[in-house]
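In what follows, a structure is listed as structure tokens, so that the remarks can point back to it.
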Amino acid sequence: MNKTTFIETLQSAFSGKTWAIVTPAIYETLYMVFFTTILTAFFGMLLGIFLVVTDRDGIYPSPRFNALLGSVVNGFRSLPSMIVIILTLPLSRMIIGISYGPKACIIALAVTCVPMFGRLVESSILEVSKGKIEAARSVGAKNRDIVLKVLLPEALPSLIRSFTIAVIAIVSTTALAGTLGAGGLGDVAVRFGYSRFKTDVLLAAVLVMIVLVQAVQFAGNGLSKFVLKKRHLI
Amino acid sequence: MTPVKNTVPSPHRGFIRISGLKKTFQPRDKRFDVLKGVDLEIDRGDVFGVVGFSGAGKSTLIRCINRLEEPDEGDISIGETEITRLSKRELDQYRQKIGIIFQQFNLLDARTVAGNVSFPLEVAGEKKEKTAKRVMEILDLVDLSDKADFYPGQLSGGQKQRVGIARALANNPDILLSDEATSALDPQTTLSVLDLLKSINEKLKLTIILITHELNVIRYICKNMAVLEDGRIVEKGPVRRVFEDPKSETAKLFLKIDAGFANFGWSDGEGI
Ligand SMILES: Nc1ncnc2c1ncn2[C@@H]1O[C@H](COP(=O)(O)OP(=O)(O)O)[C@@H](O)[C@H]1O
Ligand SMILES: [Mg+2]
């Protein structure tokens with residue numbers, strides 16, 4: 001690629017023609033990322049809490065359940081996302097009747113991302129000092145109080161950072177799923193950029209993803225800092 | 001030397017009774033016999049000090065009283081209640097009657113001063129208005145009314161421990177346990193926290209058990225004391241008696257150290 005063609009490609013990447021292709025893909029991506037994030041946030045939090053609470057040193061020790069849960073999580077985490085998505089697409093057929101397109105992929109994406117976010121939540125909650133838990137215990141707090149009024153609020157700044165990492169992972173996994181028929185930016189990047197050598201479309205899709213990830217990281221950092229500042233911890 | 005009697009015989013003798021208390025930790029294939037049969041009787045309204053070197057088992061002992069550690073053997077009873085026999089649910093209830101403060105304060109960073117103090121009331125299911133009123137009352141007692149909306153991150157060590165004390169007192173406990181509560185504080189702040197403990201002991205007729213490795217703390221506020229060595233009580237009695245006529249080697253060593261490092265001579269090996 002020589003200099004002139006690069007500039008031409010760049011110009012073309014910002015042309016209306018390119019964006020007519022990319023814009024619908026942005027919506028599809030945002031749609032998938034949004035709903036995957038909601039599912040991941042909910043089930044990942046639950047998973048993380050269960051992992052911490054049922055640990056041998058947790059507030060409701062249940063070593064066998066913990067070991068089982070841990071190995072299921074590790075099982076999913078040891079497979080490449082691509083494989084997990086392929087494996088779980090039939091699951092979408094079972095739940096919503098179809099196994100292709102953005103909707104179907106949300107379930108596959110959530111299955112891929114929940115174990116990852118669950119582990120992040122686990123490590124965030126583990127940062128809360130044992131002393132705080134004991135102080136709560138010593139005034140008669142029950143396990144539910146400890147989770148809701150101690151562990152989660154105390155871990156909040158760290159949880160926000162973990163969540164930020166998870167959302168970014170969701171964005172990139174969504175792009176990956178795009179190549180498996182989910183649509184969105186990943187799909188466009190591969191269909192046009194790779195298969196048809198339309199570098200301008202590829203470039204535009206990549207730029208949008210970079211901006212998306214930067215925005216998520218910026219928002220996450222800001223929010224986490226805001227909470228720390230409010231608590232006068234920084 | 002005239003032996004001075006610090007304890008007044010009262011109908012509240014033996015309010016807290018600990019007998020044959022044993023606790024062993026068994027991490028993996030190791031085994032630590034931390035408490036090897038502890039017997040203690042503490043009167044209602046007493047300020048009782050337990051002194052011992054690091055690792056003697058002081059924290060374990062005090063934590064057995066509200067069952068933050070589960071004793072392996074022995075009995076602990078408070079008044080008519082056998083702590084060691086309580087079910088989990090009963091224990092949660094009973095813990096509201098035993099406050100504890102810690103060396104590291106263990107305040108919740110996510111909550112304001114008022115929020116930390118209201119925590120015990122919230123988990124006890126207290127009504128909002130009553131909680132708010134009680135929080136202001138207690139903050140007044142520990143002289144922190146003007147800091148109600150501050151976060152722990154904005155407070156000094158001494159102020160944090162006052163919040164710890166306020167939290168421990170929120171549910172009107174009968175007993176306050178103190179695990180090296182002043183050990184992270186400078187001498188001046190230590191004094192003011194001890195003064196506070198003294199005044200609540202008098203005002204609220206609260207029984208205080210405090211453990212420490214600093215004899216000064218014991219001398220300043222305790223009426224009775226025990227010396228813990230390697231999981232056993234090697235000496236107990238009124239503070240004045242132990243200080244003036246120590247029987248155990250540990251107590252003697254403690255007093256020697258307490259009198260100042262000067263007692264051990266100079267770094268060049270010269271005696272005093
Ligand atoms: N959870 C635990 N597991 C294993 N050993 C412990 C545990 N808690 C305390 N110990 C051991 O018990 C001994 C006494 O501890 P502790 O009661 O904290 O002493 P102190 O407060 O007098 O310094 C120490 O040797 C410590 O290592
Ligand atoms: Mg200790």
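The values are calculated or read from the model by the stated rules, or taken from the named source; none is laboratory data. Fair warning: this is a prediction, and the values are worked out from it, not measured in the lab. Counting neighbours? That spans all protein chains shown, and the Cβs are built from the backbone with ideal geometry, glycine included. For the accessible areas, the whole protein counts, side chains as well, though only heavy atoms, and no ligand, DNA or RNA atoms are used. Shrake-Rupley method; radii C 1.70, N 1.55, O 1.52, S 1.80 Å.
Please work out the C-alpha center-to-center distance from the stretch A:119-151 to the stretch A:190-227 and express it in whole Å.
37
How compact and how long is the stretch B:200-272, expressed as Rg and Dmax of its alpha-carbon atoms in Å?
Over the stretch B:200-272's Cα set, Rg and Dmax evaluate to 14.8, 51 Å.
Can you tell me the relative contact order of chain B? Whole percent, Cα pairs under 8 Å, sequence separation 6 or more.
Working: 482 pairs, mean separation 69.4, N = 272.
In percent, rounded to a whole number, it is 26.
When N counts the residues of the stretch A:3-233, how does its alpha-carbon radius of gyration compare numerically with 2.2 N^0.38 Å, as a ratio? Don't jump to the answer; show the numbers that get you there.
On the way: Rg = 20.9 Å, N = 231, 2.2 N^0.38 = 17.4 Å.
Cα Rg divided by the expected 2.2 N^0.38 Å: 1.20.
If contacts are Cα pairs under 8 angstrom and at least 6 residues apart, what is the relative contact order of the stretch B:98-172 in percent?
Working: 86 pairs, mean separation 39.0, N = 75.
The normalised contact order for the stretch B:98-172 reaches 52 percent.
Leaving out ligands and nucleic acids, and using a 1.4 Å probe, what accessible area per residue does the protein assembly as shown come to in Å²?
On the way: 25490 Å² over 506 residues.
I get 50 Å² per residue for this part.
Taking Rh as the Kirkwood radius computed over C-alpha pairs, what is the Stokes-Einstein D of the protein assembly as shown at 10 °C in a medium of viscosity 1.306 mPa s, expressed in µm² per second? If you can, show how the numbers build up before the last one.
On the way: Rh = 26.9 Å.
Using the Kirkwood radius from Cα pairs, D works out to 59 µm²/s.
Please give the solvent-accessible surface of A:Leu233 in Å², to the nearest 10, using a probe radius of 1.4 Å with every protein chain present.
So the heavy atoms of A:Leu233 present about 80 Å² to solvent.
Can you tell me the relative contact order of chain A? Whole percent, Cα pairs under 8 Å, sequence separation 6 or more. Don't skip to the end; give the middle numbers.
Values: 290 pairs, mean separation 61.9, N = 234.
Worked out over chain A, it gives 26 percent.
Rounded to the nearest Å, what's the spacing between the alpha carbon centres of the stretch B:66-138 and the stretch A:156-177? Just the number, please.
38
When the dipole is taken about the Cα centre of the protein assembly as shown, and only Lys, Arg (+1) and Asp, Glu (-1) are charged at their Cβ, what size is it in debye, to the nearest 20? Write out the running numbers ahead of the final one.
Values: 62 positive and 51 negative charges, 263 e Å.
Magnitude of the dipole: close to 1260 debye.
Please check chain A for the longest run free of chymotrypsin sites (Phe, Trp or Tyr not before Pro) that are loop-located per DSSP (anything but H, G, I, E, B) and have at most 16 other Cβ atoms within 10 Å. Before the final figure, lay out each step's value.
Working: sites that count: A:Phe14, A:Tyr100, A:Phe197.
After excluding every exposed loop site, the longest remaining stretch is A:101-196.
What pairs from B:Lys36/B:Lys205; A:Lys142/B:Lys133; B:Lys58/B:Lys256; A:Lys132/B:Lys247; A:Lys149/B:Lys203 go past 28 Å between their alpha carbons?
Values: B:Lys36/B:Lys205 31 Å; A:Lys142/B:Lys133 24 Å; B:Lys58/B:Lys256 20 Å; A:Lys132/B:Lys247 39 Å; A:Lys149/B:Lys203 31 Å.
Result: B:Lys36/B:Lys205; A:Lys132/B:Lys247; A:Lys149/B:Lys203 exceed 28 Å.
Please sort by residue number the GluC sites (Glu not before Pro) in the stretch B:50-148 whose DSSP state is loop and whose Cβ has at most 14 other Cβ atoms within 10 Å. Provide the component values of the computation, followed by the final result.
Working: sites: B:Glu69, B:Glu73, B:Glu80, B:Glu82, B:Glu90, B:Glu122, B:Glu126, B:Glu129, B:Glu137; in loops: B:Glu69, B:Glu80, B:Glu126.
For GluC sites (Glu not before Pro) across the stretch B:50-148 that sit outside H, G, I, E and B with at most 14 neighbouring Cβ atoms in 10 Å, the list reads B:Glu80.
Which value results when the Cα radius of gyration for chain B is divided by 2.2 N^0.38 Å? It would help to have the intermediate numbers written out before the result.
Values: Rg = 19.4 Å, N = 272, 2.2 N^0.38 = 18.5 Å.
In units of the 2.2 N^0.38 Å rule of thumb, it is 1.05.
Using +1 at the Cβ of each Lys and Arg and -1 at the Cβ of each Asp and Glu in chain B, identify which of B:Gly37, B:Val242, B:Phe264 lies farthest towards the dipole's positive end.
Projecting each Cα onto the dipole axis, the largest value belongs to B:Gly37.
Whenever you get a sec, compute what percent of the accessible area on chain B sits on carbon and sulfur atoms (1.4 Å probe). The partial results should precede the final answer.
Numbers: 6510 of 13370 Å².
Solvent-exposed carbon and sulfur of chain B make up 49 percent of the total.
Given N residues in the stretch B:137-235, what is Rg(Cα) / (2.2 N^0.38 Å)?
Values: Rg = 14.2 Å, N = 99, 2.2 N^0.38 = 12.6 Å.
Rg over 2.2 N^0.38 Å, computed on Cα atoms: 1.12.
In the stretch B:123-171, what residues drop by 10 Å² or more in accessible surface going from the chain by itself to the full protein assembly, probe 1.4 Å?
Output list: B:Val123, B:Tyr151, B:Gly153, B:Gln154, B:Arg167.
Pull up the DSSP beta bridges for chain B and report the antiparallel fraction as a percent, rounded to 5. Intermediate results must be reported in sequence, preceding the final value.
Values: 21 of 40 bridges.
About 50 percent, rounded to the nearest 5.
Going from most exposed to least, what order do B:Ser118, A:Ser78, B:Ser87 have by accessible area with a 1.4 Å probe?
My answer, sorted largest first, is A:Ser78, B:Ser87, B:Ser118.
Between chains B and A, what is the buried accessible area in Å², counting both sides, with a 1.4 Å probe and ligands, DNA and RNA left out, to the nearest 100?
On the way: alone 14390 and 13160 Å², together 25490 Å².
Summed over both sides, the interface buries about 2100 Å².
As a test question: what accessible area, to the nearest 10 Å², does A:Lys198 have when a 1.4 Å probe is rolled over all protein chains in place?
Estimated to the nearest 10 Å², A:Lys198 gives 70 Å².
Ordering A:Val84, A:Val216 by accessible area with a probe of 1.4 Å, largest first, what comes out?
Numbers: A:Val84 5, A:Val216 35 Å².
Heavy-atom accessible area, descending, gives A:Val216, A:Val84.
Using alpha carbon centroids, what distance separates the stretch B:223-252 and the stretch B:9-60, in Å?
Using only Cα atoms, the two centres lie 14 Å from each other.
When the helices in the protein assembly as shown are scored as -39500 (n - 2.57) per DSSP H run of 4 or longer and the sum is shared across all residues, what 222 nm value do you end up with, to the nearest 500 deg cm²/dmol?
Working: 18 runs with 273 residues, N = 506.
About -17500 deg cm²/dmol.
Taking the Cα centre of chain B as origin, sum charge times position over the Cβ atoms of Lys and Arg (+1) and Asp and Glu (-1), and report the length of that vector in debye to the nearest 20.
Working: 40 positive and 40 negative charges, 132 e Å.
So the dipole magnitude of chain B works out to roughly 640 debye.
When the dipole is taken about the Cα centre of the stretch A:3-233, and only Lys, Arg (+1) and Asp, Glu (-1) are charged at their Cβ, what size is it in debye, to the nearest 20?
Working: 22 positive and 11 negative charges, 69 e Å.
It works out to roughly 320 debye.
What figure in square angstrom, to the nearest 10, would you give for the accessible area of A:Leu180 with a 1.4 Å probe?
In the full protein context, A:Leu180 sits at about 60 Å².
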